[in-house]
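Participant: Have a look at this one before I ask anything.
The values are calculated or read from the model by the stated rules, or taken from the named source; none is laboratory data. Since the model is a prediction, treat every value here as computed from it, not as a measurement. Backbone-built Cβ (ideal geometry, glycine too); neighbour counts: all protein chains shown.
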Amino acid sequence: MSNLVRPISVLGLVSAVTATSTTTIACATGRLSDCDCGTTTKMTCTAEQTCEATTAETGNCLPVDPDCSTLIADAGSSGTRLYPFNGLVEGDRIAKIEPGMHDTGACGSPDSDECVSYLEKVKMALEKGKIQCPNVKSVYLLATAGMRSLAKNLSNKIWAKVIVKVEEVNFPDSVTVEARNLSGPEEAKFEYIATVAALEESGELQEGKQGVLGLGGRSFQFGLQTSDTDMTFESYDAGRTKTWGEIDYSKCSFGTGNGAECKAEIEKKRIDWKHA
């Protein structure tokens, strides 16, 4: 989908992105067949490239984007995904770590061996991100409904362990790092802003007030323009499988539904939902 603007899920959000390609290559821990990094394979790192292999047997060629300014880790309910960004331009996904960080198979038990292993994978992903984005200025690790569903003290304990791993990556002091849970309304607001930006960029944004409905694994949220000056952003802890069949598409479909009618329809359906 090169050179096409499209909505893509990041942080449980929908971001306006333009696919791009890069040609500069660096070596990093990974597949043996891609580059030399001290191995016996045919490809080698040039003097301008960086070999980050931890042993003589492993090496991987990663694209390097000197214009990449931001790394965003989406700690969603089904997994953690790391993406590089240059403004709203998104690069190829650097890593995907499953399951969700809140899961019992990950850090639902923060002192477990599973959590230690999971966070080590997060660290390795960030190290790759550091190579691919040598001039990175901001690193965001933000979680959505899965982490929001945990007790506050448990969530805080997990984030404290995440911060330790981020510090081990040794980003320059000038890099801003933020690691926390997004609130439900924040998630809804970011979805709304990014979706409207993507539709506007692609020329598909219709006239009139806009409404955006987004569904994730553990929550759904909506952003509605209720007047020329007022907005509504809400989130509920009902996920994709519980919700699509309960909402009238004619009132809530992207770009064609009526925002006020969509909200009224949701109000009727949400008796068993609670704010996320």
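Participant: Report yes if residue 154 is over 30 Å from residue 211 (Cβ atoms), under 16 Å from the mean Cα position of the chain (by Cα) and part of a helix (DSSP H, G or I), otherwise no.
Facilitator: Criteria not met by residue 154.
Participant: Has the range 66-82 got at least one residue that is at pLDDT below 85 and either among the polar types (S, T, N, Q) or not in a strand (DSSP E or B) (or both)? So that I can check it myself, show each step before the final result.
Facilitator: Taking the range 66-82 and keeping what is at pLDDT below 85, we get none.
So far as the range 66-82 goes, no, none of its residues is at pLDDT below 85 and either among the polar types (S, T, N, Q) or not in a strand (DSSP E or B) (or both).
Participant: Could you check how many residues of the range 117-151 are among the aliphatic types (A, V, I, L, M) and part of a helix (DSSP H, G or I)?
Facilitator: Step one: of the range 117-151, the residues among the aliphatic types (A, V, I, L, M) are 119, 122, 124-126, 131, 136, 139, 141-143, 145, 147, 150-151.
Subset that is part of a helix (DSSP H, G or I): 119, 122, 124-126, 131, 145, 147.
Residues that pass the stated criteria total 8.
Participant: Quick check on my filter: what residues within the range 174-188 are over 26 Å from residue 132 (Cα atoms) and either part of a helix (DSSP H, G or I) or among the β-branched types (Val, Ile, Thr) (or both)?
Facilitator: 184, 185, 186, 187, 188
Participant: Taking the stated definitions as given, is residue 191 closer than 22 Å to residue 235 by Cβ, outside the structural domain of residue 69 (by TED's automatic domain parsing) and either of a type in the set (Asp, Glu) or part of a loop (DSSP other than H, G, I, E, B) (or both)?
Facilitator: yes
Participant: Still on this structure, please answer the following. Mind telling me which of the residues 233, 171 ends up being outside any helix (DSSP H, G or I), touching a Gly at 6+ places or on another chain (Cβ under 8 Å) and surrounded by 17 or more Cβ atoms within 10 Å (Cβ to Cβ)?
Facilitator: 233
So that you can scan it fast, the table gives a plain yes or no per residue for (1) aliphatic (A, V, I, L, M); (2) closer than 30 Å to residue 122 by Cβ; (3) at pLDDT below 85:
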residue	(1), (2), (3)
173	no, yes, no
177	yes, yes, no
190	no, yes, no
195	no, yes, no
198	yes, yes, yes
204	no, no, no
208	no, no, yes
220	no, yes, yes
236	no, yes, yes
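Participant: Determine whether the range 103-113 contains at least one residue that is part of a helix (DSSP H, G or I) and more than 22 Å from residue 190 (Cα to Cα).
Facilitator: Yes, the range 103-113 contains at least one residue that is part of a helix (DSSP H, G or I) and more than 22 Å from residue 190 (Cα to Cα).
Participant: Separate question: Just name the residue that is nearest to the chain's Cα centre (by Cα) out of those in the range 109-147 that are of a type in the set (Gly, Ala, Ser) and surrounded by fewer than 19 Cβ atoms within 10 Å (Cβ to Cβ).
Facilitator: Residue satisfying both the conditions and the ranking: 138.
Participant: Does the range 149-158 include one or more residues that are on the phi < 0 side of the Ramachandran plot, buried (at least 18 other Cβ atoms within 10 Å of the Cβ), in contact with a helix residue (DSSP H, G or I) (Cβ under 6 Å, 6 or more places away or on another chain) and modelled with pLDDT under 90?
Facilitator: no
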